[in-house]
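The structure appears right after this line, and notes come after that.
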Amino acid sequence: MAKSKNVCNGKKLSYISVPSQIINSLSSSSLQSLLVSPKRNNTNSFFSVYKRSCRSPRVWLFALFLFGLVGMLRLGWNIDTLIPFSPYPNPCLETQSNTDSVAQKHDALVANTNNLGQPSHDSPSEISEFWKQPDGMGYRPCLDFSAEYRRTSEVMVKDRSKYLLVVVSGGISQQRNQIVDAVVIARILGAALVVPILQVNVIWGDESEFSDIFDLAHFKSVLANDVRIVSSLPSTHVMTRPVEEKRTPLHVSPQWIRSRYLKRINREGVLLLRGLDSRLSKDLPSDLQKLRCKVAFQALKFAPSILELGNKLAQRMQSKGPYLALHLRMEKDVWVRTGCLPGLSKEYDELIQSERRRRPELLTARSNMTFHERKLVGLCPLNAIEVTRLLKALGAPKTAKIYWAGGQPLGGKEALSPLTKEFPHFYNKDDLALPEELEPFAKKASFMAAIDYIVSERSDVFMPSHGGNMGHAIQGQRAFSGHKKYITPNKRHMLPYFLNSSMPEAEFNRIIKELHHESLGQPELRTSKAGRDVTKYPVPECMCNDAHSHFI
């Protein structure tokens, strides 16, 4: 019996099994005829058909049709991409040069796909794992006010005798927190709230007013049944000398507010409060906690022009696929205030230390601690190298699209190079917006911060490099929106592993994932720890998972 074996040199070897007794009876010429197939039969059987076919006009017409079809295919697609799907594969004809050519074309196709923001070489498990959202456990917004609250509301919103003036300071997220507390204090006193005055920021020099940043009509409408909001004092109170309070203690209760201010505002008609930051207790009665959530998550909506541009940039990020938003706290003033060093070079470290010696009042707290001590207890922002290692350990694919929010980092692009080298799809608002789109907001720091807030809040995953008002506000907003993924860096516990240079990468990644498996935005009860802000942890006062509750 004959057996054939293909070899990629274009030859076919044949093997014939013949009993030895027959071989001995064969002549050499007869044996040769068994080993070599007659050429004449193959030639005649093939070429005779070939010659007859070539003489047929139908064959020529069919050939011309095929030639035209191939030409059209080459105009529309790269015909080489169809080769692997040929019904007649012939591996013996492939050469190394052809393989290299196909690989180069495939790489170019992948590069073009990446530029368009489409998924490329990441495995489905890698993509789905990092972008997977936490289990919200069925929690939904639930702002049911008590019957007593609703009854007293009818009286309060009709009152025309008491007015509360407030001056709020800081950045936009800090101002938001103070506006929330201003509404609650007005409710405690039964007073109408005059639209808050935004103090000019000494660092940014932004002179924006409330209605420049927030939608005033929406603010008034949402709170119409809770607190009366007026744009200015009525003529009956314009000449009234307001009672001014500058030194409200930290974390005061509603009882303290009433005992301190109620008689005075009833007598004078106007109360002016400054410096509201963290003055009101985080632990309030249920109705007032719900009011805080209503202000923060529903009433404080950005002005239409800001919202339009912020949503437009968020849509541009979404068009590239799922994206991660990073709030990078790497500005010069952040390093100075936190008592930390950027770690870029000796020159930059000395610059920060010199600024801190010159203005010691800028250091926010724990001035007796060294930089290293502050770092180990988690009081310092993560730098770009640490953010990169953390994201890689948590499974962020190299093709992840990243929007970074925040001011220009100390050290400029050089400070961001560890991130951009590892994650090249790296954007901020300047990269996404056309010059004419950002021009109206160029000298308005609050507007720029608001745009960052919108794009960050709408991201698939959000992570801050350091705690702060913006990070806390977005954490609460994402929780209230259904517990969208929010990575809270566990700095205190993870930094010792960052400092261990001998640890294998696989072991490092495993440990980092384990440290963060409960820090991905899952529902967390505010009541489990006193002193937490309900606008950061809205469960259980502002959210519930009871099917019989009234959801809004």
Separation between the ASP333 and GLU207 pseudo-spin-labels, each 7 Å from Cα along Cα→Cβ, expressed in nm? 1.8
Cut-off under 5 Å, modelled amide H: who pairs with TYR323 long-range: ASP460, VAL461
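What are the GluC sites (Glu not before Pro) within the range 125-234 that DSSP puts in a loop, where the Cβ has at most 16 other Cβ atoms within 10 Å?
GLU207, GLU209
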Anchor LYS301: aspartates and glutamates whose Cα lies under 12 Å away (excluding residues fewer than 8 positions away in-chain): ASP212, ASP215
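Using DSSP to define loop residues, name the trypsin sites (Lys or Arg not before Pro) in the range 475-552 whose beta-carbon has at most 11 other beta-carbon atoms within 10 Å. Present the calculation step by step, with values, prior to reporting the outcome.
Details: sites: ARG478, LYS484, LYS485, LYS491, ARG492, ARG510, LYS513, ARG526, LYS529, ARG532, LYS536; in loops: LYS484, LYS529, ARG532, LYS536.
Passing sites in the range 475-552 are LYS529.
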Violations at 32 Å Cα threshold for listed pairs LYS220/LYS312; LYS132/LYS429; LYS246/LYS484; LYS220/LYS491; LYS220/LYS443 -> LYS246/LYS484; LYS220/LYS491
Separation in nanometres of the label points that stand 7 Å from Cα toward Cβ, at SER161 and GLU514: 6.5
Please find the FRET efficiency linking MET137 to TYR497, where r is the Cβ-Cβ separation and R0 is fixed at 25 Å, and quote it to the nearest 0.05. 0.25
Distance in nm between label sites at GLU347 and ASP431, each 7 Å beyond Cα in the beta-carbon direction? 2.6
Rounded to whole Å, give me the distance from the Cα center of the range 260-299 to that of the range 149-224. 9
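Can you pull out the trypsin sites (Lys or Arg not before Pro) in the range 159-239 that DSSP calls coil and that have at most 15 other Cβ atoms within 10 Å?
Hits after loop and neighbour filter: ARG160.
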Take the cross-link list LYS332/LYS421; LYS294/LYS513; LYS398/LYS529 and give me the ones stretching past 27 Å between alpha-carbons. LYS294/LYS513; LYS398/LYS529
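We did not get these values from a lab; they are worked out from the coordinates using the rules stated. Because the structure is a prediction, the values reported are computed rather than measured. So basically every Cβ, Gly included, is an ideal-geometry build from the backbone, and we count neighbours across all protein chains shown.
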